1. Restricting the search to the range 377-398, which residues are open to solvent by 30 Å² or more (accessible area, probe 1.4 Å) and either out of contact with any helix residue (DSSP H, G or I) (no Cβ under 7 Å at 6 or more places or on another chain) or of a type in the set (Ser, Thr, Tyr) (or both)?
2. Which members of the range 72-128 meet the condition of being of a type in the set (Gly, Ala, Ser), assigned to a loop (DSSP other than H, G, I, E, B), modelled with pLDDT of 95 or more and surrounded by fewer than 17 Cβ atoms within 10 Å (Cβ to Cβ)?
3. Every residue in the range 326-360 that is closer than 27 Å to ALA219 by Cβ and assigned to a loop (DSSP other than H, G, I, E, B), please.
4. Take the range 32-63 and flag every residue that is touching a Phe, Trp or Tyr at 6+ places or on another chain (Cβ under 9 Å), open to solvent by 60 Å² or more (accessible area, probe 1.4 Å) and among the polar types (S, T, N, Q).
5. Condition test on VAL314, is it touching a residue at least 12 places away in the same chain (Cβ under 8 Å), surrounded by fewer than 20 Cβ atoms within 10 Å (Cβ to Cβ) and among the β-branched types (Val, Ile, Thr)?
6. Restricting to the range 361-376, name every residue that is part of a loop (DSSP other than H, G, I, E, B) and open to solvent by less than 60 Å² (accessible area, probe 1.4 Å).
7. Which one of these is under 21 Å from ILE249 (Cβ atoms) and either of a type outside the set (Ser, Thr, Tyr) or in contact (Cβ under 8 Å) with a residue 60 or more places away in the chain (or both): GLU447, GLU428?
Amino acid sequence: MTTQQLSEQEIIRREKRTELEKLGINPYPPEAFPVTHTAAYIKSNFSEETKEAFSQVSFAGRIMSIRDMGKASFAVLQDHTGRIQIYVKRDDICPGEDKTLYNTVWKKLLDIGDIIGVKGFVFTTKTGEISIHVTALTILSKSLKPLPVVKEAEGQSFDAVTDPEFRYRQRYADLVINPQLKDTFIKRTVMVNTIREFLNGHGALEVDTPVLQSIPGGAAARPFITHHNALDIPLYLRIANELYLKRLIVGGFHWVYEFSRNFRNEGMDRTHNPEFTILEFYVAYQDYFWMMNTTENLLEQVAMALHNTTDVQVGDKTISFKAPFKRISIFDAIKEHTGTDISGMSEEDLRQFCREQHIETKPNMGRGKLIDEIFGEKCEHHYIQPTFIIDYPVEMSPLTKRHRTKPGLVERFELMINGKEIANAYSELNDPVDQRERFEEQVKLMERGDDEAMFIDYDFLRALEYGMPPTAGIGIGIDRLCMLLTNQASIQDVLFFPQMRPEKKETQTATPGEQQ
């Protein structure tokens, strides 16, 4: 970075860094700083009765504001638990004749954003604010880039940075100036841990499967393609881990699961990121009826862990995760919301129906894709409360077992909540002959130009030929579930570092408003 690219404040801060070094102060000391107390602990536990226990504290945090009062100053430090006020008096941190640490270092060379360590004792100010009276001060990290300006008054923030471009691209700064955002990510961890505890408690085994795959199988999606130099072969970032988990069921495991990082080379919007997390699990000797019951119980337990209730506020709606959930077939759902029974329609009839309903289609769409488009356009958004959409046409589900009583359908469900798909589950197809024929139909769709059609995975077919027991499987979108349970409208708000467009060179150092 050249000097010409730096703002005036960045240049000044670099000069201050140099001045600190001239004074023999390392702005980034190598020694550890022993922290004995956090802001939250001090505020929760300090009182007149307990003040003796706080007569010697060691605290570290980032400077968020400074109020200079001449020979004394107040400042606010922020650690990972919150903020606390400190009181810095010149003669306390500089008891001798040399007042450089206060007059020069503290008052002139430190800035908002710098990280410092302080030692001292806790007291209550005349206004009743719990604070740390500083007796020793250490610089731990000099901040060379100013934080965006956030004004606070009477417990409220004003002029807080809300620009998504800045917030998502510079999440590290976003978390500093909007520490309340940590709550969303803490809840995400609680959510994942609760799911893991539920599965482990039922005897499931967590496993890892390949991210680099020779065949992008297990879902209908456009993959990312890379190249392995040593083997000189193309490889694909996985779009799903389904086929590998089912290989493990063939191998004799009873119940396996994985939190799978998946990649799909498709569009980005408020509910889609090209890199995302899916929980998939597969259980031998079960079917999609069992899976519906298990999914209800799992999500009910997760809602309770996060909110202590099964009623969750999502925008202006209250969504109940109390089991059981509603169940309706996809054809009944379409009939309910369009007034038309499309179950017996041919591909051409479906195209005509789409034209009549003003639903956009593409020539390479087969019967399954057309039905999917109709449901997506006319039905999906109506299902706010958790609803299992069940019994899909066979053309939409190349990995699913045929329905036991309804010809032309398969035993599949999608869980819709707040108008979005949250989970997709099957009674898994374990007939290798039928599976081969389904794959071959997918190849025909690929030849018609459907770049989301599935490849034939010959190794998976070989695995099925050894015999896979009846199996139930599911994929649950962790990011979308987190959006629901934390009341976030965009997937970018539940990902620490969402995918962004390349940054323009002239904005790479831009900060929307700087603190002095």
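1. Hits for the range 377-398 are GLU377, GLU380, HIS381, ILE384, GLN385.
2. Scanning the range 72-128 gives a single hit, GLY128.
3. Those that are closer than 27 Å to ALA219 by Cβ and assigned to a loop (DSSP other than H, G, I, E, B): ILE342, SER343, MET345, SER346, GLN357, ILE359, GLU360.
4. Listed by number, the residues that qualify are THR36, ASN45, GLN56.
5. The answer is yes for VAL314.
6. Correct list: THR361, ASN364, MET365, GLY366.
7. GLU428
For (1) over 30 Å from GLY467 (Cβ atoms); (2) part of a strand (DSSP E or B); (3) in contact with a Gly (Cβ under 9 Å, 6 or more places away or on another chain); (4) open to solvent by 70 Å² or more (accessible area, probe 1.4 Å), each residue gets a yes or a no:
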| site | (1), (2), (3), (4) |
| --- | --- |
| GLU280 | no, yes, yes, no |
| VAL283 | no, yes, yes, no |
| MET291 | no, no, yes, no |
| THR295 | no, no, no, no |
| ALA303 | yes, no, no, no |
| PRO324 | yes, no, no, yes |
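The values are calculated or read from the model by the stated rules, or taken from the named source; none is laboratory data. Just so we're clear, the structure is a prediction, and the values are computed from it rather than from any experiment. Ideal geometry is used to build each Cβ from the backbone, glycine not excepted, and the neighbour counts take in all protein chains shown. With ligands, DNA and RNA removed, areas are computed over all heavy atoms of the protein, side chains included. Shrake-Rupley method; radii C 1.70, N 1.55, O 1.52, S 1.80 Å.
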